[in-house]
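Structure, as structure tokens:
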Amino acid sequence: MFIVRVASPEHWEYRKVMLHSIPLSELNHEVGDFFQPMKLPFQVDLQGQVAVVTGGGGILCRVMAEALAACGAKVAVLDLREDAARQVSDHICRQGGEAVGLAANVLEMDSLEAAEQEVRRRLGQCRILINGAGGNHPKGTTSNEFLTAADLQASAGQELITFFDLDAEGVQFVFNLNFLGTLLPTQVFARGMAESGAGTIVNISSMNAFCPLTKIPAYSGAKAAVSNFTQWLAVHMSRVGIRVNALAPGFFLTEQNRALLTNDDGSLTARAEKIVSQTPMGRFGAAEELVGPLLWLVSDQGAGFVTGTVIPVDGGFNAYSGV
Ligand SMILES: NC(=O)c1ccc[n+]([C@@H]2O[C@H](COP(=O)([O-])OP(=O)(O)OC[C@H]3O[C@@H](n4cnc5c(N)ncnc54)[C@H](O)[C@@H]3O)[C@@H](O)[C@H]2O)c1
């Protein structure tokens with residue numbers, strides 16, 4: 001028996017259920033029903049501040065973009081997928097907020113610089129940067145958790161990816177997307193913050209950064225780099241009024257990990273069952289549960305002396321040894 005927080009159109013409610021007896025579409029708000037009105041856990045005053053959210057068309061970061069807008073920020077939603085960015089900015093505008101949705105590739109300086117100019121022209125200078133674009137790639141992922149002697153005998157053509165088969169380009173893709181994809185937007189958007197002497201940056205790390213998960217060495221290493229960079233940048237920017245922190249989400253069911261966590265029929269995979277059993281709170285997180293920590297971190301009133309931290313939002317996963 002688990003306590004599961006279930007989304008309903010009107011409100012969140014807690015139900016005691018057998019985990020497997022509820023459809024996955026109810027486990028996370030984001031699965032079936034994007035774009036419900038944002039309900040904030042509390043309000044912080046971001047009136048007039050310009051927030052840039054990379055990966056803002058994605059599942060977790062769209063909720064962050066909406067929350068920042070609901071607190072008065074003017075939000076630039078940046079994503080490789082322009083249509084996804086526009087959907088989010090349109091929704092924010094329909095809710096009475098101010099937002100623009102722009103195509104931007106966090107790995108290309110030209111694209112980022114063009115986006116920065118557009119943000120500056122349409123909204124003003126960036127004051128809050130959320131480095132949310134990131135993800136994994138199958139080519140940086142092994143098939144099995146443990147290498148066995150039998151794996152080494154696997155015949156050519158068999159669909160088994162061992163450590164020895166990892167593709168350098170796949171690994172590089174994951175490193176670049178998560179690490180460079182955090183560093184480059186920061187170079188572009190934090191210059192104005194440094195010049196004006198005020199700004200805050202929130203990077204998105206992961207549980208993998210504390211202790212690597214099996215199968216995904218590239219993603220684990222890349223997110224460890226994001227956490228490390230968060231500390232480095234916090235120190236480096238501390239004399240020009242910029243605070244730098246990171247959120248480390250635990251397990252949230254999203255497009256990025258859906259194939260790893262659910263079967264075709266929607267039931268949990270063995271890996272997902274393992275995750276839930278290793279999460280003391282006994283469930284996946286809901287994207288909305290990142291909002292409280294995010295608003296606290298970006299608020300100078302709330303977190304004015306907080307910089308260089310990586311905050312787990314994980315239902316206790318990181319604290320639990322499994323015994
Ligand atoms: N979902 C989880 O459980 C979880 C856990 C820990 C950390 N994270 C991290 O949270 C962040 C958001 O993940 P999500 O689960 O919402 O995934 P998501 O795939 O829904 O969102 C990622 C977004 O980034 C965009 N993107 C990809 N490459 C890009 C590029 N080169 N330039 C610009 N945009 C690009 C994608 O189009 C997508 O909209 C990621 O950094 C992810 O690694 C997710």
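Quick note: the coordinates plus some simple rules give every number you see, no bench work behind them. Please read all numbers here as calculations on a predicted model, not as lab measurements. Don't worry about glycine lacking a Cβ; one is built from the backbone with ideal geometry, like all the others, and counts go over all protein chains shown.
With a Förster radius of 22 Å applied to the beta-carbon distance between GLU113 and ASP45, the computed FRET efficiency rounds to 0.15. For the pair HIS236 and ARG81 in one chain, pulling the backbone fully straight at 0.36 nm per residue adds 52.6 nm over the alpha carbon distance.
Modelled spin-label separation between LEU160 and ALA270, with each label point placed 7 Å from Cα along the Cα-to-Cβ direction: 1.4 nm. Each of the chymotrypsin sites (Phe, Trp or Tyr not before Pro) that DSSP puts in a loop and that has at most 11 other Cβ atoms within 10 Å breaks the chain; the longest unbroken stretch is 147-304. In summary, the range 151-195 shows an alpha-carbon radius of gyration equal to 1.97 times the 2.2 N^0.38 Å reference for compact globular proteins.
The helix-only estimate of mean residue ellipticity at 222 nm for the chain, built from DSSP H runs of length n ≥ 4 each weighted as -39500 (n - 2.57), is -10500 deg cm²/dmol after division by the residue total. Taking all Cα pairs closer than 8 Å and separated by 6 or more residues, the relative contact order of the range 111-181 comes to 39 percent.
Using C-alpha pairs below 8 Å separated by at least 6 residues, the relative contact order for the range 46-319 is 17 percent.
Put in line by how crowded their Cβ is, counting other Cβ atoms within 10 Å and starting with the fewest, HIS137, HIS91 read HIS137, HIS91.
If you count Lys pairs in the range 46-319 whose Cα atoms are under 20 Å apart, skipping same-chain pairs closer than 8 places in sequence, the total is 4.
With both residues required to sit in the range 46-319, DSSP beta bridges show an antiparallel share near 5%. Note on the chain: the C-alpha convex hull projects to 17.4 nm² when averaged across all orientations.
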